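Input: a single structure, listed below in structure tokens.
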Amino acid sequence: MHQWEPEDSFLRTDFNGDFQRLDEALAGLDGRKPELRLGRYTGDGTQNRAVALGCAPRAVLLFCRDREALLAWPGAPYVYAYNNRPGNMLILTETGFQVHYDHYEVGLSDNDFLPVTNKAGESYRYLALV
């Protein structure tokens with residue numbers, strides 16, 4: 001999903017793409033009444049971390065500290081690749097969702113892969129459709 005700063009310019013197609021992603025996520029509701037769950041977790045710095053919801057979610061919207069929110073639904077994880085190192089930054093599971101955290105070094109600098117989803121001590125919020 002796009003997030004803009006006040007000075008950003010944007011296109012109508014940005015909105016259309018976001019709405020299409022939401023429509024696709026909601027298409028699999030199977031006539032059941034959806035339930036929204038709001039939650040948060042504190043990052044522990046592990047590379048892969050499971051967040052338990054007690055069931056398989058239909059979609060998860062994860063709010064990170066950097067500039068974007070991540071959206072995933074069954075069959076459509078949020079994937080990021082840097083320097084030929086792909087990672088499922090947000091993927092749905094049978095019991096909730098999993099986030100991925102990694103970092104890389106450039107010279108003496110330690111840099112996070114963006115988006116950051118499980119850095120130790122940082123707080124993350126999510127909205128799950130179950």
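Read the figures in this text as sums done on the coordinates, not as results from a lab. Bear in mind the structure is a predicted one, so any value in this text is a computation, not a measurement.
Length gained on full extension, A52 to T13, computed as 0.36 nm times the residue gap minus the Cα-Cα distance: 10.6 nm. Couplings for segment 16-26, taken from phi via the Karplus curve 6.51 cos²θ - 1.76 cosθ + 1.60 with θ = phi - 60°, read 4, x, 5, 5, 5, 4, 5, 4, 5, 5, 7 Hz in order; Gly and Pro are left as x.
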